[in-house]
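What follows draws every value from the coordinates through simple rules; no lab data is involved. This structure is a prediction, so every number in the text was calculated from the model and none was measured. Note: ideal-geometry Cβ built from the backbone for every residue, glycine included; neighbour counts use all protein chains shown.
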C-alpha cells in the first residue's frame, strides 16, 4: 500500500518583518559594506579588458564578381573553417612575430574570438586584452595575414574586410555596476539570514502572546510582578 505524505512548510511572514524591524541597522550596514566592497574589488582589484573587432565577409571564389546563391550558402558553412584557420598557429604565430608579443600561440588564441553573424556570410574577428592599443594592433595584424593564409588553405575561398576597426575606449569588463549590485544583495541576504536565525531561535517566552502563539495554549491569567517594598 502506497501512502502519500504531504509535508507542509509554513513561512511566518510576521517573523520576517520582525527580523527586519529589529535588525534594520545591521541589514542596511551589511548591504552598504558589501556593495562598497564589490565596487572597490571590480574597480581596482580586477583586470580591465578592452575589445577591438572588425567584420569580414566570406567568398567561396577568389573572383568576387562571380557569386551565386549556392556559393553564398557554401560561404556560410565556411565560417567555422575560416575561424579555425584564423585562430590557428599559421596566422597567430606570424601575428606574434610581427608585433613582437611576449606570449605563446596558445595564450594569444585565448584572447581571439571569431563569430559568424547569423544567416550571413559575415563573421567578426575580436581581440580582448588588458590594453586597448594591443587589442587594436592584434586585430589589424590578423586581417593583414588571414586572407592570404585562408586562400592557401582553402583554394576555392577567400575573405575580405567589410568594416572599419571597431572598439570601445571604456573597458568591456568587469561590469562594475553588476558586481556592486550582486555584492550588495549578497550582504543583504547574509544579514537577513542572521536576523531570522536570531528571531526564530528564541526559545524563551516573554509575553502572554508568546505563550498563545508558540505553545498554542490559552492564557487564563497573568500574575503581575510585584516589587519589594
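Miscellaneous remarks
- Backbone N under 12 Å from the residue 160 label point (7 Å along Cα→Cβ), restricted to the range 27-61: 57-61
- If R0 equals 45 Å, the separation of the Cβ atoms of residue 80 and residue 196 corresponds to a calculated FRET efficiency of about 0.30.
- Here r is the Cβ-Cβ distance between residue 182 and residue 106 and R0 is 45 Å; the resulting FRET efficiency, rounded to 0.05, is 0.90.
- Working from label points 7 Å from Cα in the Cα-to-Cβ sense, the residue 32 to residue 120 distance is 4.8 nm.
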